[in-house]
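**Student:** Structure in structure tokens, see below.
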């Protein structure tokens, strides 16, 4: 009797072991952060990902954290950060320094080949790739009213001012803003770099910088110059404003206001002490990163890659009019036909990476711009530039 | 008062004029806010003052278009948090200020001094510290956490209430003790009913706090969208990408916030009684 | 020192039961018949020991170095990725160590209570008295010991949400937690007084900025506090006056303005007063050129004070209203009989009374305005920015400047250090004024 029992028990054990051996699909949980406006689109992309990947059971939750806030939210509590999140490229240095991003090593060559050079450069820190490029449209350019300014007029800043003034309208640019004012200095050949000791090095007060400074002074002193925040531009374009510097986030509002007269182009050339110099700008990208504390790195990377592949970048353009960083996607007819994106692409040829701009740059630059807007000439341009650079370099 | 012959007083007339003028000045920005909330054209800035079109759509869209901005949900969240915060804060403040005003015990002066200076440290890192403490307690990203954050340190706000309690004459206490009450009874039966104006003030202040704060809730809630309170939610509407389309809705949302607070105040005005103490002692 | 000596003396004077309670908490109670109280003490002791061994000691051990293990990368060939082994997180170590220290201190308080109870019980027994049972203890909590009952909850709240974060922040000022030392990727460690040395010995531009901003901060705090206070009081007096009708209406109108969240109303104000804002459009109709309310340094400062009046008067009106109503009417009666006119009544009766009751409030308001982040930041952003200052503008307060430094440069340690200095100044001023003022001196006589 006992012997039979022993055999039965052993058989039962084997059975249990065999049953356990049958491959169960594992469950992988991932969290994704995206901006509010992207939620519906991201959900579709995520659902497509799940259908395409049946090797495991994916549970993917979507949370709302805008690209601008991503860095703050991640650094507040890195352990609670999403596995995959969207962020703006100017945050990458801080994120890498805090060790919050997972280095991209899988399919690295493919990613580099598929996306624009500028976007890869923006995703690379210390020669290591840390993010997947998603969009290439976070820069700025010039919108203008076709009924007032012609395509020829908008090639030169001086011409624009004269024509607008004659029509009783304004040219808008938020000069008291380090992001925009840099276009003059960078266009004059100025450089913002990070030195060996980790401190900012800025040469905006050299001879070229001084000429750029004079140009800014002339610009802000002109009767047709108008400054303010975005709302002023979108509120006044078409009526009191003939042209303004802004980015793709206002494309819809401005095209609504201008209707048939909607046009956009790269930034004009400005008068730098006699010669014409092209206004430069900061190149902006939206990137997708993987949290370094994710529990499922391989899955997270696959998801990140999926969200930024060519197909989904095209989808992003179609749903949200966001310019792709993927080379093929960006070369499509539809993208080229988009007025704002075309202008941005043109301007991007003269754009500069924002990676080496440290936090201490913004306030002094804005202070200089504010003084110019207030027409405060109590000091010479050179003096002001010297002070500005001294503060930037800390 | 109704039967007295109404005296015409120049000083009263002058006061009416001044009050009206001041009211107009004070109300103007609010009126502008209300006007903008009914504006039909989108955008955050217009080169003119009066809207060209008026519409109620901004208000209705807040409640119907909840895909992007879930206003009703935020409203309820904030209401819940506000009610609980209000109750807890008021209890804590009243307990603290009464104790420090009326009871004598060792260390009282010390506690008062410490309480005075504790709130003076300007710190932004405290938010991060509180977030982790709450996380260690298992409460992160919840409405409970928010209530605790808003009402936890309420005891520190004791000065005003204490100053008020100080003005209630001791004779009342003594009379009560003679009648056989213990300290606890004195608090609930005698002092509290006399403190209505200050209770109203405390209730109102602690009720308002959750409606207007967006910094703390941003740190506590992070990405838990469903638990956002109204201030944080509204703040999302005026980001660079959204402001053109949603500014007028934002104004509508802000106007709606003012309503429960104003209602609460109107309701509590009943308790603003005049010259109470004078009557009680004389009697 | 005498305090510590007492422990030894009590031990010596104690009988065997008291001596046992030094080791096993609660012995002095349940061995004498106070079962519930004794078990409570024992339970607390057990939980404390469990906490220490499971968590507390681990954190404290790392406190001196704030963590030494950095993140380790291991290349995983098969998955083609680096695998990370997380290192120590300096910030969490600091926070949890402080928490542990506070818990230890709280436990010591309870321990002290334990000894005291044990010894008192012994003395009572020796005198032949009966020990309180639980019910009598609870009763006394509502009478002579009411302060204990009433203060327990608020104290716990304050310790957890204010004191703990405060100590944490103060300690950060002594570390090098700045933009190049961000956890969890990097560790930071103690650097002692180096941050403070940097502030005082640093370049003249920073020193000039600090002085300039400090001056404006004090001027602003003074005007903001007193303008609100006086105007609020006058407003409350006007509304409260006998013979004025519609009191509720007037009050409600002013309360409505605080019902709208500050960030909304301030944002509106900054739009209204912008160079192309509605205010200037209106002035344009009247033929007056645009006034740079917010972009001219001097005008901006005036505007800020005026807007702050708009924001703050409803609050001060509410408070002063409540207190005004409590002024015994007979005081006013006798003054009227003596023939005093309104101004005299105000200066001789109302004002002194108000000042007495609200001195602590005024002090907190003044200090609060020194640290009034919201109004300045939301209205002008601290602008107009100026190259005269290091990373600051002409309406910046010390706090907003601090905020900009932290947010722009992520130098939390520098921010904490400056914060401590601000705190030290404010606290010293407040304590001196408060303790010197008649409020505290005449507290008893007033009641």
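Computed from the coordinates by the stated procedures, all read-outs in this text should not be read as laboratory data. What you see is a predicted model; the values in this text were computed from it and never measured. Cβ: placed from backbone, ideal geometry, glycine included. Neighbour counts: every protein chain shown.
**Student:** Report for chain A the percent antiparallel among DSSP-assigned beta bridges with both residues inside it, nearest 5.
**Tutor:** Given both bridge residues lie in chain A, the antiparallel proportion sits at roughly 60 percent.
**Student:** For peptide A:244-253, compute the average count of partner chain beta-carbon atoms within 10 Å of each residue's beta-carbon. Display every interim value, and only then the final one.
**Tutor:** On the way: counts 0, 0, 1, 2, 1, 6, 4, 0, 3, 6.
Mean shielding count: 2.
**Student:** Modelled label-to-label distance, residue B:189 and residue C:299, 7 Å Cα→beta-carbon offset: nm?
**Tutor:** Result: 6.4 nm between the two label points.
**Student:** What is the protein assembly as shown by shape, rounded, prolate or oblate, if you read a ≥ b ≥ c off the alpha carbon gyration tensor as root eigenvalues and call it rounded for a/c under 1.5, prolate for a/b larger than b/c, and oblate otherwise?
**Tutor:** Since a/c reaches 1.5 but b/c is at least a/b, the shape of the protein assembly as shown is classed as oblate.
**Student:** Where the Cα atoms of chain A are projected onto their three principal axes, how long is each span, largest first, in whole Å?
**Tutor:** Here the spans come out as 110, 51, 32 Å, largest first.
**Student:** Rank-order A:134-145, A:87-98 by packing density, defined as the average count of other C-beta atoms within 10 Å over each peptide's residues, highest first.
**Tutor:** Averaged packing, sorted descending, gives the order A:134-145, A:87-98.
**Student:** Label region C:199-441 by shape, choosing from rounded, prolate and oblate, from the square roots a ≥ b ≥ c of the eigenvalues of the Cα gyration tensor; if a/c is under 1.5 it is rounded, and otherwise prolate applies when a/b is larger than b/c, oblate when it is not. Intermediate results must be reported in sequence, preceding the final value.
**Tutor:** Details: a/c = 2.59, a/b = 1.42, b/c = 1.82.
Oblate, because a/c is 1.5 or more while a/b does not exceed b/c.
**Student:** For chain C, modelled as a Gaussian network with Cα springs under 10 Å, which listed residue fluctuates most, C:78, C:126, C:333?
**Tutor:** C:78
**Student:** Sorted by average packing, counted as other Cβ atoms within 10 angstrom per residue and highest first, what order do A:275-281, C:307-313, C:139-145 take?
**Tutor:** Averaged packing, sorted descending, gives the order C:307-313, A:275-281, C:139-145.
**Student:** What does the structure give for A:227-240 when I average, per residue, the other chain Cβ atoms found within 10 Å of the residue Cβ? The partial results should precede the final answer.
**Tutor:** Numbers: counts 3, 5, 8, 6, 11, 10, 3, 7, 10, 5, 0, 0, 3, 2.
Mean partner shielding for this stretch: 5.
**Student:** Among B:22, B:95, B:127, determine the one that fluctuates most according to a GNM of chain B built with springs between C-alpha atoms less than 10 Å apart.
**Tutor:** The residue with the greatest mean-square fluctuation here is B:22.
**Student:** Still on this model: Region A:231-270: percent of C-alpha pairs farther apart than 16 Å?
**Tutor:** 27 percent
**Student:** Continuing with this model, one more query. How much FRET efficiency would the formula 1/(1 + (r/R0)^6) give for residue B:238 and residue C:163, where r is the Cβ-Cβ distance and R0 is 25 Å, rounded to 0.05?
**Tutor:** 0.10
**Student:** Region B:137-162 to region A:126-190: how many Å between their Cα centroids?
**Tutor:** The two parts, judged by their Cα centres, are 48 Å apart.
**Student:** A further question on this structure: Need the C-alpha centroid separation for region B:7-71 versus region C:312-349, integer Å.
**Tutor:** Each part's Cα centre sits 34 Å from the other's.
**Student:** When chain A is modelled as a GNM with alpha-carbon springs shorter than 10 Å, which of A:47, A:127, A:197 fluctuates the most?
**Tutor:** Sorting by GNM fluctuation, first place goes to A:197.
**Student:** Distance from the Cα centre of region C:63-100 to that of region B:217-250, in angstrom?
**Tutor:** 34 Å
**Student:** Still on this structure, please answer the following. So what's region B:168-207 giving for Cα Rg divided by 2.2 N^0.38 Å, two decimals? Walk me through the intermediate numbers first.
**Tutor:** Values: Rg = 12.2 Å, N = 40, 2.2 N^0.38 = 8.9 Å.
Taking N as the residue count of region B:168-207, the ratio is 1.36.
**Student:** Would you kindly calculate the translational diffusion coefficient of region A:40-152, applying Stokes-Einstein with the Kirkwood radius from alpha carbon pairs, for 10 °C and a viscosity of 1.306 mPa s, and quote it in µm² s⁻¹ without decimals? Could the numbers behind the result be given before it?
**Tutor:** Working: Rh = 16.7 Å.
In µm²/s, the coefficient is 95.
**Student:** Taking the Cα-to-Cβ direction at residue C:6 and at residue B:259 and moving 7 Å from each Cα, how far apart do the two end points lie in nm?
**Tutor:** 6.0 nm
**Student:** Per-residue ellipticity at 222 nm for the protein assembly as shown, helices alone: DSSP H runs ≥ 4 residues times -39500 (n - 2.57), over residue total, nearest 500 deg cm²/dmol?
**Tutor:** -18500 deg cm²/dmol
**Student:** Looking only at region A:170-293, where both bridge partners belong to it, what percent of the DSSP beta bridges are antiparallel (to the nearest 5)?
**Tutor:** 55 percent
**Student:** Work out the mean other chain Cβ neighbour count within 10 Å for the residues of A:59-72 and drop it here as an integer.
**Tutor:** Across A:59-72, the average partner-chain Cβ count within 10 Å equals 3.
**Student:** Here's another thing I want to ask about it. Could you tell me whether chain C comes out rounded, prolate or oblate from its Cα gyration tensor? Rule is a ≥ b ≥ c as square roots of the eigenvalues, rounded for a/c under 1.5, then prolate if a/b exceeds b/c, otherwise oblate.
**Tutor:** Taking the square roots of the gyration eigenvalues as a ≥ b ≥ c, chain C is oblate.
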